[in-house]
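Read-outs: derived from the displayed coordinates by stated rules, not from any lab. Remember, predicted model here, so these are calculated numbers, not experimental data. Counting neighbours? That spans all protein chains shown, and the Cβs are built from the backbone with ideal geometry, glycine included.
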Amino acid sequence: MKKIKWLFSFKYIYIISLIYFFLGYFYPNLLQINNIYLYIKEYFGIYEKLLWIFLVGYGFSMFMKNPNKRVVLKTRLFFMIILGIATGYLYLLDSLKEQMEGTMDSIQQYVIQVGLLNINLGYIELYTFLKIFPNVKTNVFAGSLIFIIFLSVIVICGKMIRKLILSVINFFKGQILRIKEERRLKEEQIRLEKQAKLEKDIYDEICNIQKAYQEKDLLEMEVKEANLEEVPENDLILQVNISQEFEENLENIVVENEEDKENDIERIDEDDDISIQIPEKERDISTVGISTAN
């Protein structure tokens, strides 16, 4: 049952028919015997190749598992046919600029001549164009065709256009970022160079100061050594004189201290003698009293 259902499914019938259709271009079959390919060439003209693309693409879409991608592919195939038809209409309309003032019969003859003999747009394209052209204003017709062509191109090549636009935007964005990065690196390099130069100047200044102090200390030490070497005898004589003077002063101080001690002792003795002395008047008075009593 499943095999029978598989054989009679639409997509397999379609694929078998499509293979049979393309085999008729190379091997005789019922379509070739009945001149079907000749009719296709006369009625579709150059759109026969678009028909091939549409049939193959539509058959391929039947085997796509993703329904969204399947719908997108089918939509693009239909808009491809619309784009081809609108482009043919616009070509015919542009060719009729010189025949606008003519009669409808002359316009019809000119369209058949251009559409069949020059590029072979096919009977279907010419027939539909001659039906639409008298009933629509030329400007409106041309504007509508341009809008349809633009819309068809967007639908068919939308992904490619989006990728192209994004690639262009990313390119310019990358260029801008590269310029900014180069400018930032240049500014950073200049800043580092200035900082390095400033640090070098500070280091050189510190080294110069240290060198100046070292030279000053060295000069002072040399001066001291030179002074010591020039007057060593005078220093010794001065030290000897100072020591002699110190000894003499010490002896004088000792002598003075001894004299002071002797003077103090004598002074104490004199005070003791004064305490036992009797004045002369008292001595006379005492003698007088004694004689009277006798």
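Quick notes on this one:
- Residue-wise HN-Hα couplings along the range 187-199, as the Karplus relation 6.51 cos²θ - 1.76 cosθ + 1.60 with θ = phi - 60° gives them from phi, are 5, 5, 5, 4, 5, 5, 5, 5, 5, 5, 5, 5, 4 Hz; Gly and Pro carry x.
- The 3J(HN,Hα) values that the Karplus relation (6.51, -1.76, 1.60; θ = phi - 60°) gives for the range 45-59 are, in residue order, x, 6, 6, 4, 5, 5, 5, 4, 4, 5, 5, 5, x, 5, x Hz. Gly and Pro appear as x.
- Backbone geometry of the range 85-95 corresponds, through the Karplus equation with coefficients 6.51, -1.76 and 1.60 at θ = phi - 60°, to 3J(HN,Hα) couplings of 5, 5, 5, x, 4, 5, 5, 5, 5, 5, 6 Hz, x marking Gly and Pro.
- Between the range 119-133 and the range 62-101, the Cα center-to-center distance that results, in Å: 15 Å
- Across the cross-link table entries LYS11/LYS49; LYS11/LYS74; LYS65/LYS159; LYS11/LYS65, which are compared at the Cα atoms, the separations over 18 Å belong to LYS11/LYS49; LYS65/LYS159.
- Considering only GLY88, LEU55, VAL114, and ranking their Cα positions along the charge dipole of the range 8-135 that arises from unit charges at the beta-carbon of Lys, Arg, Asp and Glu, the one farthest toward the positive end is LEU55.
- In the range 1-148, Cα pairs under 8 Å separated by at least six residues give a relative contact order of 25 percent.
- Pairs from LYS180/LYS200; LYS173/LYS200; LYS69/LYS131; LYS69/LYS180 whose Cα-Cα separation, in the structure shown, is over 32 Å: LYS173/LYS200; LYS69/LYS131; LYS69/LYS180
- Local electrostatic count, ILE209, Cβ distance below 14 Å [Lys/Arg +1, Asp/Glu -1]: -3
- Scaled against 2.2 N^0.38 Å for its residue count N, the alpha carbon radius of gyration of the range 158-222 is 2.56.
- Anisotropy class assigned to the range 69-174 is prolate, per the alpha carbon gyration tensor with a/c at or over the 1.5 cut-off and a/b larger than b/c.
- The base-10 log of I(q)/I(0) for the range 8-135, evaluated at q = 0.10 Å⁻¹, reads -0.44 [Debye formula, identical scatterers on Cα atoms, solvent excluded].
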